[in-house]
Ligand code: MRU
């Protein structure tokens, strides 16, 4: 997407430095800082500390993490295939704790190392299923190759392919979701369509367009009058900091509201549709998303406001049926609740303490909205109801 006239994505592979680059989202909207992820530890750190966040972006970052694992391996001289006659991937100088036994200096050792590093990456955050999806997809490719250079090239190609596919999936979500906004606009005789969204399910959380925001961009670009209510989304304010920044850069009218305002706005007919993203959705249609999404869904249901969830297929967890019972909910550190970050009058980024120093804080980062509260899903293959039957009819390969 464009930032001040320049094309930007939140993640890219820099072919000159041969490293992964990301926008450090912790600094937005006040500073646009780019970080370089050179190692697996950098990738894990970036995911845990939320330089990168949002389910599809975490998936893409994890995918590049597999590339970094191979680079780490080479740099530690654990994988020098040239000295072995059949030039298999991993042949010598296995010297550290992870691969200390020289007898294991073969392809298996290399693959075991990769699997172990991939597990570390997958453990960085628990809720977004895209992370494991992205890592596993690239790992599967890595395991097919024996020769190190071929492995490295194939892994990089696959990670880049994931990035391109996710961008295209979000473009398609925009196409499909735009029809919903168009219908409402027509019914309102062209008056502004008021859309409420929670957290940041925009391009910063994906690669391009976003999931929940993709239909907004498409509608806006087609000249439909829209206005977006942006939930601030405590504790880290992804709505106030990131969604507001993205929409503003694109010229879309928006208003930041407190997390508790949505119900009131819905009662007074000021919300036409809710569109949110998701971090993991079961095959039955239960949706895990940023904490507070469930309350928005309850309020929408009580006020007959359509509640849509936009997602690429990488966010479905085809193995789960009961979201409340089975989706792992991340609990993050209490300081994200206790402190609020912003800039002071001199433009310095500062953190300030809100509650009494001694008060405990609990930071449940996600909640689950049961499928009965979801009007429908907007996916790259079209829109469907929130039921297993309807989801599987769009994705029959997961029957
Ligand atoms: O904790 P975060 O910022 O990673 O949470 C992100 C969300 O909850 C998004 O709504 C979700 O990932 C959908 S992203 C398109």
> Does anyone have the angle between helix 55-75 and the longest principal axis of the chain? Alpha-carbon axes, 0 to 90°, nearest 10?
Replying inline: 10 degrees
> Could you give the nm distance between label points at residue 32 and residue 326, where each point is 7 Å from its Cα heading toward the beta carbon?
Replying inline: 4.3 nm
> Using a ≥ b ≥ c from the Cα gyration tensor of the stretch 237-302 (square roots of the eigenvalues), is it rounded, prolate or oblate, where a/c under 1.5 gives rounded and otherwise the larger of a/b and b/c decides, a/b for prolate?
Replying inline: oblate
> How far is the Cα center of the stretch 1-74 from the Cα center of the stretch 289-337, in Å?
Replying inline: 25 Å
> Packing-wise, with mean Cβ within 10 Å as the measure, how do 227-238, 58-69 rank, highest first?
Replying inline: 58-69, 227-238
> Sorted by average packing, counted as other Cβ atoms within 10 angstrom per residue and highest first, what order do 22-29, 311-318 take?
Replying inline: 311-318, 22-29
> So between residue 45 and residue 149, what do we pick up on full extension, going 0.36 nm a residue minus the alpha carbon distance?
Replying inline: 34.8 nm
> Tell me, how many Å apart are the Cα centres for the stretch 201-221 and for the stretch 165-189?
Replying inline: 10 Å
>> To test your reading of the geometry: what angle, between 0 and 90 degrees and rounded to tens, separates the Cα axis of helix 293-302 from the longest principal axis of the chain?
In response: 30 degrees
> What is the spin-label model distance, in nm, from residue 136 to residue 258 if the labels are put 7 Å beyond Cα along the C-beta direction?
Replying inline: 4.2 nm
> What FRET efficiency would be calculated for the residue pair residue 175, residue 339, taking the C-beta separation as r and a Förster radius of 56 Å, to the nearest 0.05?
Replying inline: 0.90
> Tell me, what is the percent relative contact order of the stretch 178-398, built from C-alpha pairs under 8 Å that lie six or more residues apart?
Replying inline: 19 percent
> So what does the Cα-only Debye profile of the stretch 178-398 read at q = 0.18 Å⁻¹, as log10 I(q)/I(0), no solvent term?
Replying inline: -1.35
>> Contact order normalised by length for the chain, with contacts defined as Cα pairs under 8 Å and 6 or more residues apart; what percent is it?
In response: 14 percent
> What is the gain in length, in nm to one decimal, between residue 21 and residue 395 on full extension, counting 0.36 nm per residue of separation less the C-alpha to C-alpha distance?
Replying inline: 131.4 nm
> Summing -39500 (n - 2.57) over the DSSP H runs of n ≥ 4 in the chain and dividing by its residue number, what mean residue ellipticity at 222 nm do you reach, to the nearest 500 deg cm²/dmol?
Replying inline: -11500 deg cm²/dmol
>> Nearest 5 percent is fine: what portion of the DSSP beta bridges confined to the chain is antiparallel?
In response: 55 percent
> Where q = 0.09, 0.12, 0.13 Å⁻¹, what log10 of I(q)/I(0) comes from the Debye formula for the chain, counting one point per Cα?
Replying inline: -0.55, -0.93, -1.06
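Quick note: the coordinates plus some simple rules give every number you see, no bench work behind them. Because the structure is a prediction, the values reported are computed rather than measured. Cβ atoms come from the backbone with ideal geometry, glycine included; neighbour counts cover every protein chain shown.
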